[in-house]
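Q: Dumping the structure here so I can ask a few things about it.
The values are calculated or read from the model by the stated rules, or taken from the named source; none is laboratory data. Please read these numbers as outputs of a predicted model, since none were measured by experiment. Reconstructed Cβ throughout: ideal geometry from the backbone, glycine too, with neighbour counts over all protein chains shown.
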Amino acid sequence: MGQKVNPEGYRVGIIKNWKSRWFNEKNYQTLVIEERHIEDYIRNSYKDAGIGKIFFERKGHQRKGEINKLKIHVVKPAFIIGQKGKEIKIIQAKLKKITGKEFKIEIIEIIEPNLDAYIVAQQIGFQLAKRMHYKRVIKKTAMNTMNRGAYGVKIRIAGRVGGAEMARVEWEKRGRTPLSTLRANIEYHYYPAKTTYGIVGVKVWIYKGDVRSHKELID
């Protein structure tokens with residue numbers, strides 16, 4: 001078997017930014033687990049909002065005036081913001097209860113959901129959970145992604161696809177996805193779809209073109 005590597009982790013520090021922007025040698029393990037709890041809470045509480053990437057920025061020990069930040073990329077910002085910012089206050093109160101720290105929450109709208117690997121993988125997972133035909137789902141999704149300006153898309157689903165007794169793998173590929181080219185802006189996400197037949201793993205790769213300037217890292 002070939003050795004696989006996460007395409008986003010492969011590009012961190014070269015063309016892509018870190019999702020957690022802090023360093024704490026003493027409490028590293030505690031903070032990583034803490035972030036996992038925060039992310040699980042937000043994703044489970046606002047499933048209909050279409051949540052994409054979540055970035056963490058923690059304040060430094062030496063610098064004054066810095067605060068903990070949470071950047072949430074979302075398709076439907078109104079679900080997270082609420083009426084007059086009511087939902088944001090609820091989230092902040094919950095995060096303080098979980099971590100004992102205050103967080104400033106920044107909401108970033110996802111303009112084109114069909115070009116976001118997180119959202120595409122989630123949508124495929126939701127449709128598979130509703131027992132829609134897998135071939136139709138992945139073909140239509142790949143077509144929509146290419147029509148929105150992607151240079152290439154690759155979708156892989158694995159498990160008891162369509163209720164089969166034996167697990168198998170199904171692919172759908174359009175365009176090109178140069179995984180070994182570091183300047184290639186490739187988004188990747190894995191989503192476990194919970195179907196009546198068990199977990200079906202959904203993997204999505206979206207190639208959005210090459211990055212020519214490395215002055216700023218991509219979120």
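Q: Restricting attention to the stretch 85-123, which residues are more than 17 Å from the chain's Cα centre (by Cα) and in a strand (DSSP E or B)?
A: The answer is PHE103, LYS104, ILE105.
Q: Can you tell me which residue among GLU165, GLU112, GLU172 is closer than 20 Å to ILE51 by Cα and among the acidic types (Asp, Glu)?
A: Being closer than 20 Å to ILE51 by Cα and among the acidic types (Asp, Glu) holds for just one of GLU165, GLU112, GLU172, which is GLU112.
Q: Given the residues GLY175, GLY149, GLY159, which is the only one that is at positive phi, of a type outside the set (Val, Ile, Thr) and surrounded by fewer than 14 Cβ atoms within 10 Å (Cβ to Cβ)?
A: After ruling out the rest, the residue left standing is GLY149.
Q: What are the pairs, 6+ residues apart or on separate chains, where a residue within the stretch 175-187 that is assigned by TED's automatic domain parsing to the domain that holds THR145 has its Cβ under 8 Å from a residue that is of a type in the set (Asp, Glu) and in a strand (DSSP E or B)?
A: From the stretch 175-187, the pairs are THR181/ASP210; ARG183/ASP210; ALA184/ASP210; ASN185/ASP210.
Q: Condition first: exposed (fewer than 12 other Cβ atoms within 10 Å of the Cβ) and either outside any loop (DSSP other than H, G, I, E, B) or in the same structural domain as HIS189 (by TED's automatic domain parsing) (or both). Now tell me which residues in the stretch 10-31 satisfy that.
A: TYR28, GLN29, THR30
Q: Let me ask another. Among the numbered criteria (1) more than 17 Å from the chain's Cα centre (by Cα); (2) hydrophobic (A, V, I, L, M, F, W, C); (3) farther than 21 Å from ILE199 by Cα, which single criterion is violated by ILE42?
A: (1)
Q: Another one. I'm trying to understand the selection: among the residues of the stretch 178-219, which are surrounded by 14 or more Cβ atoms within 10 Å (Cβ to Cβ) and among the polar types (S, T, N, Q)?
A: The answer is ASN185, THR195.
Q: Further question: Looking only at the stretch 46-75, which residues are out of contact with any Phe, Trp or Tyr (no Cβ under 9 Å at 6 or more places or on another chain) and modelled with pLDDT of 90 or more?
A: Matches in the stretch 46-75: ILE54, VAL75.
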